[in-house]
1. How many residues, within the range 859-885, are loosely packed, with under 12 Cβ neighbours inside 10 Å and at pLDDT below 75?
2. Could we say that L286 is in contact (Cβ under 8 Å) with a residue 12 or more places away in the chain, buried (at least 20 other Cβ atoms within 10 Å of the Cβ) and farther than 29 Å from L425 by Cα here?
3. Scan the range 749-771 residue by residue and report those that are open to solvent by 40 Å² or more (accessible area, probe 1.4 Å) and either part of a helix (DSSP H, G or I) or without any contact (Cβ under 8 Å) to a residue 60 or more places away in the chain (or both).
4. Restricting attention to the range 731-748, which residues are open to solvent by 30 Å² or more (accessible area, probe 1.4 Å), of a type in the set (A, V, I, L, M, F, W, C) and at pLDDT 75 or above?
5. So which pairs qualify, if the first residue must be in the range 634-652 and touching a residue at least 40 places away in the same chain (Cβ under 8 Å), the second must be surrounded by fewer than 23 Cβ atoms within 10 Å (Cβ to Cβ) and of a type in the set (G, A, S), the Cβ gap must be under 6 Å, and the two must be at least 6 apart or on different chains?
6. Could you tell me which residue of the range 28-63 is least open to solvent (accessible area, probe 1.4 Å), considering only residues that are of a type in the set (D, E, K, R) and not in a loop (DSSP other than H, G, I, E, B)?
7. With respect to Q191, is the statement that it is modelled with pLDDT of 95 or more, in a helix (DSSP H, G or I) and open to solvent by 30 Å² or more (accessible area, probe 1.4 Å) true?
8. What pairs can you find where one residue is in the range 98-109 and of a type in the set (S, T, N, Q) and open to solvent by less than 10 Å² (accessible area, probe 1.4 Å), the other is at pLDDT below 90 and part of a loop (DSSP other than H, G, I, E, B), and their Cβ atoms are less than 8 Å apart, with a gap of 6+ or different chains?
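The values are calculated or read from the model by the stated rules, or taken from the named source; none is laboratory data. These numbers were taken from a predicted model, which means no experiment stands behind them. Note that we place each Cβ from the backbone using ideal geometry, even for glycine, and neighbour counts take in every protein chain shown. Side chains included, ligands, DNA and RNA excluded: accessible areas come from the protein's heavy atoms. Shrake-Rupley method; radii C 1.70, N 1.55, O 1.52, S 1.80 Å.
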Amino acid sequence: MPTTPAAAPDRAPCPALQAAEAWFAGRGWLPFAFQREVWAACAEGRSGLLHATTGAGKTYAVGLGAVLRAATLGVPMQAGPERAQAGAAPPLGLLWITPMRALAADTQRALAAPLADLAPAWSLGLRSGDTGSAERARQDRRLPTALVTTPESATLLLTKADARALLRGVHTVVVDEWHEMVGNKRGVQVQLLLARLQAWNPRLVVWGLSATLGNLPAAMAMLLGPRPRRPAPRLVRGRIDKALVIDTLLPAQPGRFSWGGHLGAQMQQPVADEIARTAASGGSTLVFTNVRSQAEAWYQLLLAARPEWAGEIALHHGSLDKGVREWVEAGLKAGRLKAVVATSSLDLGVDFLPVERVLQIGSAKGVARLLQRAGRSGHQPGRPSRITLVPTNTLELIEAVAARRAVAAGRVEPRQAPEQPLDVLVQHLVTVALGGGFAADSTLGDGCTADALYDEVRRTWSYRALPREAFQWALDFVVRGGASLGAYPEYHRVVLRDGVYRVEDRGIALRHRLQVGTIVGESSMLVKWFSSAGMGGTLGQIEEGFIARLNKGDCFVFGGRVLEYVRTQDMVAFVKKSSGKRGLVPSWQGGKMPLSSELADATLAVLAGCVPGCVSGCVSDDGQADPAGVATDPELQAARPMLQAQARLSRLPTPAALLLEQYRSREGHHLFIYPFAGRFVHLGLASLLGWRLARERPNTFSISINDYGFELLSADAVDIAGLLDHALLAGDEADGQLLHDVLASLNSSELALRRFREIARVAGLVFTGYPGAPKSTRQLQASSGLFYEVFRKYDPANRLLGQADAEVLAQELDLGHLAACLARLRRQRIEAVTLPAPSPFALALMVERFREQLSTEKLADRLARMVAESEAVLDAAEAVPAAPRRRRAATAPRSPG
């Protein structure tokens, strides 16, 4: 860990600080300035946020800082004779929270060495969903001095009756990878946990760690709370010189037309060759995909390209069995594997020194995710990090240039914490009632009261503005079940007896502990080998909805194997090895993530550089090479045929102009619009514009979306006058008319029901089942749907219903970004083009729709005909270069008045 010198502190260091310096020196290291800054802050009792490059040494900065903090508090470090004779380590003092099980295990290994040398009296433990029953029982008898855990396992500690006695000695909490949790309900769960611990220990020190955050001061406030702290917290930026290389594996023939997945097969051999080159130099490669189904597919592609690699490459994602994941992680650390195809299960903080190369299949969809994954290579100070982007369609070549420029400009996505999620609050109130309870008022002594708990909750960022009536509603809901569940005792989860709120029913307590947490997904089934003698080994978990579509004898790909489905019994899918080589690839829920607004804006800026007259341009007004300058980016050179085709058939979108394309086919009338706002915003925008167009003139629309734009397909022609004068683009977030139109344009009740299913599980209304006997998706949906209908009919003021509606607008439709997008579009001029044949951008949207309607074979035939049609139009245009251009209707943006 070679580092650069840092300035000496102004005052004489304490013995513990000298010991930390000596520990570094004993390994030939010199601490970075940011590490010394964190050590000093911890010794002073300051909380803070450390933002530093991946692999820079954040773990040692805050880990040793926690040791220094303990030393200032007088916590024993050395195992003296009396402690050795007693056989007891100091009680729990350091709580280290990570978002992933793989990262938790890696953090435990990283902390083991410094703690063994600097605090040999301490014990170190790990507690997560993978922790065995024997280790859990041992920790239940006595918690270790330092515990590495996940948000869910840490919250489970709060449910113990003696939680206060167990946790009041915690002096330091470290929240690793804070950027991964701050923007979701797991982050809210962490906020409530920290508030509880600080109520028991007002001198609690909290540090967050991150490498990829765009709004650092705000992110620190979301972690530490909105109220001032004493001493003042410290925001530490760990800037070190570390080379980062972002390049692209260019396709040999990107073509003039492309669509999602178009280049996948073409990139198979180049990816295998890159892995082989890295392995020849003694390094390993991480191949990242965005979703599990893509990871399964690429693992099979690599084995098909290099069958001799069986056993030397591996697959890693969260649905695989724990034993499989641990084997892969160990093989990667030891350098035994040439490559691992992985999802986000390996992109957070895990230290794999042999990894020299990272390949990203397809777009990373965000600057932060790209940086995070790049940091898996060269994961050590002084070693360069390199990530190579592997495009799956030609548009991703443009995105690659945009990502590289955004990274160079430091444009990393900000995160925002959820505001007042009542389902998490309801769960927390039951947790607190289980963990010793709380008094109705202060007449029973100085313990926790309902008023004190309300004030404690308001110390968190997400609940800083929580009204007292909302807190009281949540409390009444867990005590009496609200206005519609009062007759059912099982929803009286908390009882008020002798002035104290507690959970007395052992069944309710067990069910709550079994589903503490905020991670909600489709019900999963275990995948096990079929054996006539009984159950076979476990391969992992797969979503129930996929298995439900299979018939006996169907084959599918899972865990890198082609499996044959045998039967389902007790929520277990039994399988056997398939003799065939092909199978279906499971499609997990949430398979498409949206392009971030930062990366979308950067992509538009790159396209603006490709229009005529720009120095960095790459196509001219007639679709030929721009004489004003040739693009220096190799990706733009490779994308030139597609960009020229788009410019010849239509226009290139730019930040100053909104491109509209119209096309008539046997299907009907096509309207293509390219806001470049990401698929979530495009879904809401397409529905809104379709509804507004149909309001003016009755029509029926089919919608197709991607990250760059959307298509409205209708049987009747569309009058775009309202788009040309911006009238159809009216509305902002504070405008009630926009909210009305958005809700009217969608099946908002169905979207709200879908959100309510998750809320019902987090709030504890729906129980997912006991270990070994999980409930099916159909059962869970029926239960949550019943609650939804009952509340709508008999308890319309139920605040969980209001939360479902709010989450639809904020998350499903991204109303804030939708309003901002509309405001941007109103400032742009409109460029409308009538297409003689589908443009490259339009074809990509049409394919999105075809995939839902056609088989793979029929889709290939349809695409071949459409591409041939467009190619013929282009060839004809090139044969007559002086032909007049198509009519374009352009309007200037509406003036502010």
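1. Selection size over the range 859-885: 7.
2. Numbers: in contact (Cβ under 8 Å) with a residue 12 or more places away in the chain: yes; buried (at least 20 other Cβ atoms within 10 Å of the Cβ): yes; farther than 29 Å from L425 by Cα: yes.
In short, yes.
3. Matches in the range 749-771: S749, E750, R754, R757, E758, R761.
4. L739, L743, A744 - these are the residues of the range 731-748 that are open to solvent by 30 Å² or more (accessible area, probe 1.4 Å), of a type in the set (A, V, I, L, M, F, W, C) and at pLDDT 75 or above.
5. Here the result reads Q644/G623; R648/G623; R648/A877, each pair linking the range 634-652 to a residue that is surrounded by fewer than 23 Cβ atoms within 10 Å (Cβ to Cβ) and of a type in the set (G, A, S).
6. Filtering the range 28-63 down to residues of a type in the set (D, E, K, R) leaves 36-37, 44, 46, 58.
Checking which are not in a loop (DSSP other than H, G, I, E, B) leaves us with 36-37, 58.
On the way: R36: 45, E37: 67, K58: 29 Å².
Going through the qualifying residues, I end up with K58.
7. For Q191, the condition - modelled with pLDDT of 95 or more, in a helix (DSSP H, G or I) and open to solvent by 30 Å² or more (accessible area, probe 1.4 Å) - is not met.
8. T98/L348; T98/G349; T107/G349
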